[in-house]
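The values are calculated or read from the model by the stated rules, or taken from the named source; none is laboratory data. The structure presented is a predicted model; accordingly, all values stated were derived computationally and were not measured. Positions of Cβ are generated from backbone atoms using ideal geometry, with glycine treated the same way; all protein chains shown enter the neighbour counts.
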């Protein structure tokens, strides 16, 4: 496999000329499994919304899942397209499908177009307000890819992109605006921005040399670590406000304590210059955190679930 990659990379010729293989390579870059970061928060918000409206509707739930997966896939594929020159220069990312020649830039745009159409169609199915919000939502998600070129707030931008999910899920279920998911969205913004700052420590030297905007490149290692810690403390505070506003039970508060401990461990593990430790902190711990919070919300509302599920 290694020799195949080297030959592909050096020649610039796609090793997988057929369209399916190229699209598969693009999807491999964006790692669908990482949807776990935002999906549990969308499902938690949807759960509360379903409970408030009398019970689950399976078709609505499935449409929300379609929206989540296609929106993220479109955004990440556009990121791979727009960052293709940066990815080529960066040793950490030069193995990705477009720099390595396993896919073409147009393949990423095709994935963006297809997923965007499916996303808009799913929003149309969910109702008038989701449909109206679908275009500006896509525009915001896709624009994140350019943010690292002009602002250190790129981490906040990424967090806000993922934070759309709990608000969107609530609107998808109820068809109306509510303040209930807003503290959750703020928490997601700060939580994601914080661990993205830690993740960006891997590229601090590259970013500084290539004028890529990031908090580590702007404020150094110490400043970046403290920024991430402050963001995560504020995320915990926002989650507490969410728990109070949603009137969640003691199960949620126990889970919030567990999340606080996990974040402390995450920051203790992450070390600049050690990609393996950063990877553990970034992927493992944050995946566990999102799932723990979702399960706690699920068991914090004393309303029958299964018997209320139905199609509408």
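Annotations
- Matching residues in the stretch 202-220 - criterion: being assigned to a helix (DSSP H, G or I) and crowded, with 23+ Cβ neighbours inside 10 Å: 215, 216
- Taken across the stretch 161-180, residues that are closer than 18 Å to residue 228 by Cα, in contact (Cβ under 8 Å) with a residue 12 or more places away in the chain and surrounded by fewer than 18 Cβ atoms within 10 Å (Cβ to Cβ) do not occur at all.
Yes/no matrix, rows are residues, columns are (1) within 19 Å of the chain's Cα centre (by Cα); (2) in a helix (DSSP H, G or I); (3) modelled with pLDDT under 95; (4) surrounded by 15 or more Cβ atoms within 10 Å (Cβ to Cβ):
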residue	(1), (2), (3), (4)
222	no, yes, yes, no
225	no, yes, yes, yes
230	no, yes, no, no
236	yes, yes, no, yes
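- Positions within the stretch 37-68 being in a loop (DSSP other than H, G, I, E, B) and within 27 Å of residue 284 (Cβ to Cβ), in sequence order: 38
- If the condition is being within 19 Å of the chain's Cα centre (by Cα) and in a helix (DSSP H, G or I), then the stretch 19-36 contributes 26, 27, 28, 29, 30, 32, 33, 34, 35, 36.
- Among the residues of the stretch 82-91, the one identified as free of Cβ contacts under 8 Å to residues at least 40 places away in the same chain and crowded, with 20+ Cβ neighbours inside 10 Å is 87.
- For the stretch 112-139, a residue qualifies if it is under 30 Å from residue 217 (Cα atoms), free of Cβ contacts under 8 Å to residues at least 40 places away in the same chain and surrounded by 15 or more Cβ atoms within 10 Å (Cβ to Cβ), and exactly one does: 112.
- Each residue in the stretch 238-249 was checked for being touching a residue at least 24 places away in the same chain (Cβ under 8 Å) and surrounded by fewer than 17 Cβ atoms within 10 Å (Cβ to Cβ), and 3 of them qualify.
- Flag for residue 156 being over 26 Å from residue 71 (Cα atoms), surrounded by 16 or more Cβ atoms within 10 Å (Cβ to Cβ) and within 20 Å of the chain's Cα centre (by Cα): no
- Restricting the stretch 92-111 to residues that are in a loop (DSSP other than H, G, I, E, B) and touching a residue at least 60 places away in the same chain (Cβ under 8 Å), the residue that is farthest from residue 28 (Cα to Cα) is 92.
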